[in-house]
Amino acid sequence: MNEQTQSDPMLAAPTVSSVIKPMGDYPLQIVRGEGVRFWDNEGTEYLDAVSGEWVVNLGYRHPRVTAAVKEQIDRIEYVTPVFENELRSQLAEKLVSLAPERMRSVLFALSGADAVEGAMHLAMRANGGSEFVTLYSAFHGTTFATLALSYTHPHMLEGAKEGLDRYLTRQIRVPNYNCYRCPLQMKPGNCDLACARMMDLAITHQPDAKVAGVIIELFQSNGGMIPMPKGYIEAVREICTRHGVALIADEVQTAMSRCGDIFASNVVGADPDLIVMGKALGAGFPLSGVVAAEGYTSLRGWEAGFTLMSTPAICAGSNAMLDVMVEEKLGDNATVQGERIMDRLRAMMDKYSIIGDVRGLGLMIGVELVLDRNTKEAADALTGFAWEYALREEKLLLGKSGPVFGNYGNVIKLKPAVNSTSAEVDEMMDRLDRVFAATQKRHDSGR
Ligand SMILES: Cc1ncc(COP(=O)(O)O)c(C=O)c1O
């Protein structure tokens, strides 16, 4: 236990010692949830501005989702994937019909990472290549193939990838889009999309490698909540088509109405060959998948697949979630509420100099904190303070970029449920305003 945890009861070390804790030491024990609120084991109520971990996009325990899952469990909970299961077929059909036009089929999996691997597999079978182009600050998961795709900041290299070389195959890594901190030191609007052009060069000058695909998040999340600049995805599409490689859109975070449509591909005008889904797809249960365009369907039975994938009860919940999203036009709600949040954040920027940049697409929103707006020095410690202050004093759950897979730990993430009401969003912003006021005060006091 370090000094900070000893002196601070909120940070007291949890007593659990028999499980491997993959993340964080914060001792909050969440025991119940409803909509955008949850309660801890002492009955304290919290407001959730991040849908769990951008997973419960309809909020906790949406009545139609829980009813559908319960009803299915009362019939049969598991069907071997060897046989067709009606709810899985229904779900696949819905996803294909909601995805961009060229999409034809769905490969299901369990988590975002194994779905990314499914997309890699499909891309490799399609053109016989085996290399992938991936971006600085990308995050695609922590299985061996996806950890290799994920970016680790040079100073974290030892921690995250040390000793795993045997399984972390090489990748072609190119500068990411990031107009606030351009890795190529160029000025937005004046760069002729140099980051996309680097991708072209990287593929062209790989005589010893056959590239199977390019994988990109349509809004880089772990890397710092970064939107694509205008024209970027079109340029990448053209490059992929010209080189005969698959364009894989990792929509593990951006899909399921978060960015203004079931798929962000439809919002930004992407025309990918493969779309990876995860997180919110299972409405709180483990389900992920890939929607694939024609020509990307060549896997034989059992070449990819998991015993527990797309079980009927989970598909029932996912089907119900999609129905609610479509019937209630929740993509549109995400756009409207996202703008409402962005307006508040822009107003906060006028009050708090620690806010260096705000950026969003629907309800996928990042606030970058800096020590100085001119130098843009990242305010990692202040961001950690803001995150904890929000939870402890305002009972508001925020997200925070970590430095492991991006470059910085100075971005606050907001990804509330896509059915959040204006009143709920306002309540989140009132609390966040007070969080930033306290964070600014701490900064001004030189701590
Ligand atoms: C963009 C993206 N891809 C893939 C993954 C991996 O998903 P999972 O943790 O479900 O394996 C994540 C997880 O954060 C992600 O953000």
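The values are calculated or read from the model by the stated rules, or taken from the named source; none is laboratory data. Being a predicted model, the structure only gives us computed values, none of them experimental. All Cβ positions, glycine included, derive from the backbone under ideal geometry; neighbour counts span all protein chains shown. Side chains included, ligands, DNA and RNA excluded: accessible areas come from the protein's heavy atoms. Shrake-Rupley method; radii C 1.70, N 1.55, O 1.52, S 1.80 Å.
Descriptive notes on the structure:
- Set V435, V411: member being within 14 Å of I226 (Cα to Cα) and open to solvent by less than 10 Å² (accessible area, probe 1.4 Å): V411
- Counted residues, the range 110-137 - those being more than 11 Å from the ligand (Cβ to nearest atom), open to solvent by 50 Å² or more (accessible area, probe 1.4 Å) and touching a helix residue (DSSP H, G or I) at 6+ places or on another chain (Cβ under 8 Å): 1
- Qualifying position, being open to solvent by less than 10 Å² (accessible area, probe 1.4 Å) and part of a helix (DSSP H, G or I), among G366, G338: G338
- Residue in the range 62-69 that is within 16 Å of the ligand (Cβ to nearest atom) and touching a Gly at 6+ places or on another chain (Cβ under 6 Å) present: no
- Single condition V276 does not satisfy, out of (1) among the β-branched types (V, I, T); (2) more than 16 Å from the ligand (Cβ to nearest atom); (3) crowded, with 23+ Cβ neighbours inside 10 Å: (2)
- In the condition set (1) open to solvent by less than 10 Å² (accessible area, probe 1.4 Å); (2) under 22 Å from L281 (Cβ atoms), A304 is compliant with all but (1).
- Selected residue (only one of E217, E238 is of a type in the set (D, E, K, R) and within 11 Å of the ligand (Cβ to nearest atom)): E217
- Residue within the range 217-225 that is part of a loop (DSSP other than H, G, I, E, B), within 29 Å of E368 (Cβ to Cβ), at pLDDT 95 or above and open to solvent by 10 Å² or more (accessible area, probe 1.4 Å) present: no
- Options I262, I239; residue that is surrounded by fewer than 23 Cβ atoms within 10 Å (Cβ to Cβ) and either on the phi > 0 side of the Ramachandran plot or not in a strand (DSSP E or B) (or both): I239
- In the range 341-363, the residue that is surrounded by the fewest Cβ atoms within 10 Å (Cβ to Cβ) out of those that are among the small types (G, A, S) and not in a loop (DSSP other than H, G, I, E, B) is A347.
- Test: residue in the range 150-164 that is out of contact with any helix residue (DSSP H, G or I) (no Cβ under 9 Å at 6 or more places or on another chain), within 16 Å of the ligand (Cβ to nearest atom) and either of a type in the set (F, W, Y) or closer than 25 Å to G282 by Cβ (or both): yes
- Residues (within 16 Å of the ligand (Cβ to nearest atom), small (G, A, S) and at pLDDT 95 or above) located in the range 285-322: S288, G289, S318
- Qualifying residue in the range 391-399 (condition: open to solvent by 60 Å² or more (accessible area, probe 1.4 Å), touching a strand residue (DSSP E or B) at 6+ places or on another chain (Cβ under 7 Å) and basic (K, R)): no
- Residue that is touching a Phe, Trp or Tyr at 6+ places or on another chain (Cβ under 6 Å), within 16 Å of the ligand (Cβ to nearest atom) and not basic (K, R), where the choices are Y177, Y167: Y177
- The residue pairs whose first member lies in the range 55-66 and is closer than 16 Å to R258 by Cβ, whose second member is open to solvent by 50 Å² or more (accessible area, probe 1.4 Å) and acidic (D, E), and whose beta carbons are closer than 9 Å, counting only pairs six or more residues apart or on different chains, are G59/E34.
- Qualifying position, being at positive phi and modelled with pLDDT of 95 or more, among L184, L193, L135: L193
- Test for V252: is it within 20 Å of the chain's Cα centre (by Cα), crowded, with 24+ Cβ neighbours inside 10 Å and either within 14 Å of the ligand (Cβ to nearest atom) or not in a strand (DSSP E or B) (or both): yes
- The set of residues in the range 25-43 being within 22 Å of the chain's Cα centre (by Cα) and either among the small types (G, A, S) or not in a strand (DSSP E or B) (or both) consists of D25, Y26, G33, G35, V36.
- Exactly one residue out of V56, V36 is at pLDDT 95 or above, in contact with a strand residue (DSSP E or B) (Cβ under 8 Å, 6 or more places away or on another chain) and within 16 Å of the ligand (Cβ to nearest atom): that is V56.
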